[in-house]
Amino acid sequence: MNFDYTFHWRPVFRKLPELLEASLVTLQVSVLSMIIGIAIGLVLALLRIGGPKPLAWVASGWIETARNTPALFQLFFFSFGLGAFGLNLTPYLIVLMGLSFNNAGYLAENFRGGFQAVPDTQLRAARSLGMSSAQAYIRIIIPQVFRIVYHPLTNQLVWAVLMSSLAMIVGFRELAGETQAQAFKTFRIFEYFAVAALIYYVMVKLILGISRLLAWRLFRY
Amino acid sequence: MNEPISFFSGFGPKDLWYLAQAAWQTLLISVLSISAGTVMGIFFGWILSESKVVGSITIGFVLDAFRSVPLIIQLVLFYNLFNVIGLAVSPFTAGVIILGVYTSALVANVARGGIESVGKPMRRAGRSLGLSYFQTMRHVVWPIGLRAVFPSWVGVALGVLKDSALVSVLGHPELLKVARDLITRTQQPLLVLAVAGAFYFALSFPISRYAAHLERKWQS
């Protein structure tokens, strides 16, 4: 074993502002994909529980594809696959759609578990108090489901941040992509990726910390 | 007379075989890293459950770091580290090692949960029946804890199976790398992706269904 490599950290520190800016892009795309994923995931869960047959099949197909194929495969689908239809999306849209697709699939299963954990009597009680079906869902059922899926939701957000690093492969400049671009310019690959790993670690810890604070504030009663 | 040379050719039966071989590589990487990771993970989980303070500060911290950094970053980072310290490892070996350590970080949590799901009174009862510490572990904690966490272990294993796709960044010809190469050659992305996706689905879906079935059976 011969060790003739000297570490050069200075080029990395000089590019630190770029890396930090890119990590904001990471956060932005992850949070956005979570919001879209929650909206679609709720619909998928409701469709799978009690939607009309063809729609329930579509929902099941979406959920099982998202859960049983690699996230990178899904990103490839949105880049090369849609390219075959002549739809050439920007890298940003590819990543956002890929992450949202994946989030929606995983969240739908969490929501389904949540919906099944809220007793039917809650819905019937709300209906007999004169609420419409939509009102009962929005005011009674979904807040309770939200409480049940809060922790899985936080985990999924962390997961989305980690997953967004795949954007590096489709050429999007979020934290991992920016790191790769800078690393191959200077060939300081190890140093750049070590710093990127540290930034990811801090981001994940921040998200978990904030979500714990929020949970403490939201679920006090 | 010069024939025009085409670099593109359609997707043929040979390519299907090519993808099947790549799927075999994916399966190989996954099985190796899942088994190595599970053995290590159970060991780490046992340490975490037995030594609360020292264990969680040292091993717990390191394993948590592996769970909090994207796998793709870990792969590039450690593959380069191996090169930096002069260890010439193939992408395959590097992929299995890194994926194995990553798996062990996930399994450690599961294993700790399993050990802790067996109550203290149960273990004391085992000890007071005259079983040694390791006998209690083997005949009391293992069978009960395994039932509690087997579904989560399957979840971890399936996750690793899918994450093995990332070994493609190191250049090993596993399923997704080969699919990407074929797309470049055949210019038929939908067909190639559909076949590759079908391979992943065929590997993952039956296992996840079987695990869900076991979970239901054990709950009743």
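The values are calculated or read from the model by the stated rules, or taken from the named source; none is laboratory data. Everything numeric in this text was worked out from a predicted model, so none of it was measured. Positions of Cβ are backbone-derived with ideal geometry, glycine not excepted, and every protein chain shown enters the neighbour counts. These area figures cover heavy atoms from the full protein model, side chains too; ligands, DNA and RNA do not enter into them. Shrake-Rupley method; radii C 1.70, N 1.55, O 1.52, S 1.80 Å.
Listing for the model above:
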item	result
Only listed residue being touching a Lys or Arg at 6+ places or on another chain (Cβ under 8 Å) and of a type in the set (Gly, Ala, Ser), chosen from A:Ala176, A:Ala181	A:Ala181
Matching residues, segment B:169-181, being within 8 Å of chain A (Cβ to nearest Cβ) and open to solvent by 20 Å² or more (accessible area, probe 1.4 Å)	B:Val169, B:Arg180
Every pair of residues 6+ apart whose Cβ atoms lie under 8 Å, when the first sits in segment B:71-84 and is closer than 17 Å to A:Met163 by Cβ while the second is part of a helix (DSSP H, G or I) and among the aromatic types (Phe, Trp, Tyr)	B:Leu71/B:Tyr102; B:Ile73/A:Phe193; B:Ile73/A:Tyr200; B:Gln74/B:Phe66; B:Gln74/B:Tyr102; B:Val76/A:Phe193
Segments classed as helices (runs of 4 or more DSSP H), wholly inside segment A:1-107, with at least 1 members that are open to solvent by 50 Å² or more (accessible area, probe 1.4 Å) and closer than 30 Å to B:Val178 by Cα	A:53-68
Residue match in segment B:136-151 (condition: within 22 Å of A:Glu64 (Cβ to Cβ) and touching a residue at least 40 places away in the same chain (Cβ under 8 Å))	yes
Filter result for the condition that a residue is assigned to a helix (DSSP H, G or I) and either open to solvent by less than 10 Å² (accessible area, probe 1.4 Å) or within 12 Å of chain A (Cβ to nearest Cβ) (or both), over B:Pro206, B:Pro143	B:Pro206
Any hit, segment A:140-162, residues being in contact with a Pro (Cβ under 9 Å, 6 or more places away or on another chain), within 14 Å of chain B (Cβ to nearest Cβ) and assigned to a helix (DSSP H, G or I)	yes
Test for A:Glu174: is it more than 17 Å from the chain's Cα centre (by Cα), among the acidic types (Asp, Glu) and buried (at least 17 other Cβ atoms within 10 Å of the Cβ)	no
Lone qualifier among A:Ser132, A:Ser211, A:Ser165 - being open to solvent by 40 Å² or more (accessible area, probe 1.4 Å) and either within 17 Å of the chain's Cα centre (by Cα) or of a type in the set (S, T, N, Q) (or both)	A:Ser132
Residue match in segment B:111-119 (condition: over 30 Å from A:Ile189 (Cβ atoms), more than 14 Å from chain A (Cβ to nearest Cβ), of a type outside the set (Gly, Ala, Ser) and open to solvent by less than 50 Å² (accessible area, probe 1.4 Å))	yes
Subset of segment B:151-168 that is under 16 Å from B:Thr38 (Cα atoms) and of a type in the set (Ser, Thr, Tyr) - its residue that is surrounded by the most Cβ atoms within 10 Å (Cβ to Cβ)	B:Ser164
Hey, A:Arg124 open to solvent by 30 Å² or more (accessible area, probe 1.4 Å), under 19 Å from the mean Cα position of the chain (by Cα), more than 14 Å from chain B (Cβ to nearest Cβ) and not hydrophobic (A, V, I, L, M, F, W, C) or not	no
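Yes or no, residue by residue, for (1) within 12 Å of chain A (Cβ to nearest Cβ); (2) in contact with a Phe, Trp or Tyr (Cβ under 6 Å, 6 or more places away or on another chain); (3) at pLDDT 90 or above; (4) open to solvent by 40 Å² or more (accessible area, probe 1.4 Å):
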{"site": "B:Val149", "(1), (2), (3), (4)": "no, no, yes, no"}
{"site": "B:Thr184", "(1), (2), (3), (4)": "yes, no, no, yes"}
{"site": "B:Leu193", "(1), (2), (3), (4)": "yes, yes, yes, no"}
{"site": "B:Ala196", "(1), (2), (3), (4)": "yes, no, yes, no"}
{"site": "B:Tyr200", "(1), (2), (3), (4)": "yes, no, yes, no"}
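Conditions tested, residue by residue: (1) crowded, with 17+ Cβ neighbours inside 10 Å; (2) closer than 23 Å to A:Tyr201 by Cα; (3) within 14 Å of chain A (Cβ to nearest Cβ); (4) of a type in the set (S, T, N, Q).
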position	(1), (2), (3), (4)
B:Ser30	yes, no, yes, yes
B:Trp46	yes, no, no, no
B:Ser51	no, no, no, yes
B:Ile57	no, yes, no, no
B:Val76	yes, yes, yes, no
B:Ile85	no, no, yes, no
B:Phe92	yes, no, no, no
B:Leu99	yes, yes, yes, no
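For every residue, the table says whether it meets (1) assigned to a helix (DSSP H, G or I); (2) more than 13 Å from chain B (Cβ to nearest Cβ); (3) without any contact (Cβ under 8 Å) to a residue 60 or more places away in the chain.
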| position | (1), (2), (3) |
| --- | --- |
| A:Ala183 | yes, no, yes |
| A:Phe190 | yes, no, no |
| A:Leu198 | yes, no, yes |
| A:Tyr201 | yes, no, yes |
| A:Lys205 | yes, no, yes |
| A:Ile210 | yes, yes, yes |
| A:Leu214 | yes, yes, yes |
